Amino acid sequence: MKVSLSWLKELVNYKLTPSQLADKLSLASIGVKEFTDDYLELDLTYNRGDLLSLRGVAREVAAITGSSLAFSSSNSYDYPSLPKTPVEIENSELSAVQCVAKIEGLKVGASPKDWIKKLADCGMRSVNNIADVTNLIMLEYGQPLHSFDALTVKDETIKVRLAKPREEITTLDGKLRKLTSDDIVLADREKPLDVAGVMGGKDTEVKQSTSTILLSASMFNPVMVRKTSNRLGLSSEASRRFQHGLTKTNLLQALTAAIKMYEDLGGKLTAINLAGDLENNPKKIILTQKKINSLLGINIDPELVESYLKKLGFTLASQGLALRAWEVTVPYWRLDVTIEEDLIEEIARMYGYDKIEGESLKDVQVEKLDQTFYNFIYDLKVSLKDVGLTEVQTYSFYSTDVLSLLDSDKQKLVKVANPISSETEYLRQSIWPNLLEVVGKNLRRGYSDIGIFEIGKAFNNINGEPKEEYRLAVALCNGSANPLQELNQIALDLSLHLEGAKLNKGAKLNKALFHPKRQMENLAEVHLRVLNKLGIEKRVAVLEINL
């Protein structure tokens, strides 16, 4: 997100150069990708939705620099007694709040130069004065708004509902979008007006002739907005903010500010409807000095704790000196703070991560881990590389191709309780079948001499309980009529490293999968019939050993 520096200075009275501000933000708050004399580009994390607004960034700058804010976070709203615009919410799960204000007497024209610069510094273009108001409010407050040409909305009614099957809408970018019953739309009594939380409709946009608008402010379900945005491949500044979550207080502040801007353009508010649950329930969290010191490993003075949190907009009520605890009320804009550990993270970054020094453990005897087996595996890998083999890593599952190839009794395999697809449903019982798939892929890419190995885990179902074992598997395809001979020589060369390694005598090999005359206890040439099913026409020998 790009932040206009001239605009930011209207909101917070800081006295730093762009470079100094970027450094302070990066150390205590959020990464800065780029900065110029005109803007900062922030590297946002998903949980800090409050920083998708100039006011959110201003609060952060004020907290870490000790500067004063040029605005208040007042929660008072005074709307005149006016007729209600018709608003319907089909289900509160779709949108907790839907506000619509009717504003008349507007005239579409070019925006003032300072508006155009603010938008440009934030990476947006000016459209016209009516559309620019909603974009400026979204950038300052983080609350998306949308203005509809009132003449294009049937009965001036706005309804929040799910799209009907096969319903279509042409969005502002001129593309026809096919909707599903999983998409939220704002609609009138006849048609959808926009794809809720993603993009407005072309047919209801503000035109040169528009004089009356219906201004919409919503709190759409963030998960549903994200799914619709992903399905349509349509990401917008509005959808980013809806997906992070919005607050009722901020919505009303943004709506009030937008109405004021339209009134300054000569418009008049003639009707308004604030539909839905507008009640705010501030989150309260118990914070203890003991937990702070325990998590951070240092003792932070209680006065500093209170100072840091108050600078960030939190309010604290002491639970008594003996308890050394506080009841902390989370400010409405910090949706990311939900537990005590979140508060401690805020304290740590305000204190300065760079000031938290490491300390050596005292009077603690750390038990040394036995690395013998892992050292053995490392040495084995080096030896396998030295004889010309290449290490590969495959998934710990049997693909559907391998399952059909092995014709395994699935009852003997370890089944994953919640597989993400049919390709990850069963854990592998052996590694060599997966290596066959790698051989096939490399042959199709033009390689003719393939020697690969993998050291990893195989899984057996023992009386309904999974048991895992470390295995070494090797696959060799050298273009000769008898690759088993070379693979046997490799095994003999490795005998020094394999001394003491237990040969795999469990889970007997299915002899039907191998050449009837070219198989030993752990070495075998795969049957050509099996290889052909994987598209392999050359001979392949495999080895598998339990380590």
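The numbers here are math on the coordinates, done by the rules we state, and not lab data. Treat the numbers as computed from the prediction; the structure is a model and nothing was measured. Reconstructed Cβ throughout: ideal geometry from the backbone, glycine too, with neighbour counts over all protein chains shown.
Residue by residue, what Karplus-based ³J(HN,Hα) values in Hz, rounded to whole numbers, does the stretch 323-330 have, using 6.51, -1.76 and 1.60 with θ = phi - 60° and x for Gly and Pro?
6, 6, 9, 9, 9, 9, 9, 7
Sequence neighbours fewer than 8 away in the same chain don't count; with that in mind, list the aspartates and glutamates whose C-alpha is under 18 Å from Lys268.
Asp78, Glu104, Asp132, Asp149, Glu156
Over all alpha-carbon pairs in the stretch 2-65, figure out the percentage whose distance exceeds 14 Å.
50
For the stretch 284-353, what's the relative contact order in percent, using C-alpha pairs closer than 8 Å and at least 6 residues apart?
Over the stretch 284-353, the number comes to 39 percent.
Given bins 5 angstrom wide, list per bin the percent of all Cα-Cα distances in the stretch 339-489, short to long.
Whole-percent P(r) values from 0 Å outward: 2, 7, 12, 13, 13, 11, 9, 8, 8, 7, 6, 3, 1, 0, 0.
Highest mean first, how do 311-320, 532-541 rank when packing is the count of other Cβ atoms within 10 Å averaged over residues?
Highest mean packing first, the order is 532-541, 311-320.
Magnitude of the Cβ-charge dipole of the chain, K/R +1 and D/E -1, about the Cα centre, nearest 20 debye?
Computed about the Cα centre, the dipole is about 1120 debye.
If each residue of separation counts as 0.36 nm, what is the full-extension length gain between Asn230 and Lys191 once their alpha-carbon separation is subtracted?
Working it through step by step, the gained length comes to 11.7 nm.
Order these peptides, 254-262, 133-141, by their mean beta-carbon neighbour count within 10 angstrom, highest first.
By packing density, highest mean first, the sequence is 133-141, 254-262.
Just tell me, in residue order, which DSSP H segments of the chain are both 30 angstrom or longer along the helix axis (alpha-carbon based) and at least 0.0 in mean Kyte-Doolittle hydropathy.
none
Name the shape class, rounded, prolate or oblate, that the alpha-carbon gyration tensor gives for the stretch 188-333, where a ≥ b ≥ c are the square roots of its eigenvalues, rounded holds for a/c under 1.5, and otherwise prolate holds if a/b is larger than b/c and oblate otherwise.
Cα axes put the stretch 188-333 in the prolate bin.
Compactness ratio of the stretch 87-276: Cα Rg over 2.2 N^0.38 Å, N = residue count?
Output field value: 0.94.
If I take R0 = 45 Å and measure r between the Cβ atoms of Ala271 and Leu316 in this structure, what FRET efficiency does the formula 1/(1 + (r/R0)^6) give, to the nearest 0.05?
0.60
Of the options Leu186, Asn434, Ala271, report the single residue whose Cα projects farthest towards the positive end of the charge dipole of the chain (beta-carbon charges: Lys, Arg +1; Asp, Glu -1).
Of Leu186, Asn434, Ala271, it is Asn434.
Label-point separation (nm) for Lys113 and Lys355, each offset 7 Å from Cα along Cα-to-Cβ?
About 4.5 nm separates the two model spin labels.
Based on the Cα coordinates of the stretch 8-131, what is the per residue volume of their convex hull in Å³?
175
Under the rule of -39500 (n - 2.57) per DSSP H run of 4 or more residues, summed and divided by the residues of the chain, what mean residue ellipticity at 222 nm is obtained, to the nearest 500 deg cm²/dmol?
So the helix-based figure for the chain works out to -9500 deg cm²/dmol.
Mind checking the dipole of the stretch 284-353: about its Cα centre, +1 per Lys or Arg Cβ, -1 per Asp or Glu Cβ, Debye to the nearest 20?
For the stretch 284-353, the charge dipole is close to 100 debye.
Please enumerate, by chain and number, the lysines with C-alpha under 24 Å from the C-alpha of Lys175, excluding those fewer than 8 residues away in the same chain.
The qualifying lysines are Lys154, Lys159, Lys164, Lys191, Lys202, Lys207, Lys227.
Could the peptides 518-528, 414-424 be put in order, highest first, of the mean number of other beta-carbon atoms found within 10 Å of their residues?
Result, highest mean Cβ count within 10 Å first: 518-528, 414-424.
Over the Cα atoms of the chain, what Rg and Dmax result, in angstrom?
32.6, 95
Give the total of Lys-Lys pairs in the stretch 271-417 with Cα-Cα distances below 26 Å; include a pair only if its members are 8 or more places apart or on different chains.
Pairs that pass both the separation and distance tests number 16.
May I ask you to derive the FRET efficiency for Val387 and Ser68 from their Cβ-Cβ distance with R0 = 51 Å, giving the value to the nearest 0.05?
Calculated value: 0.10.
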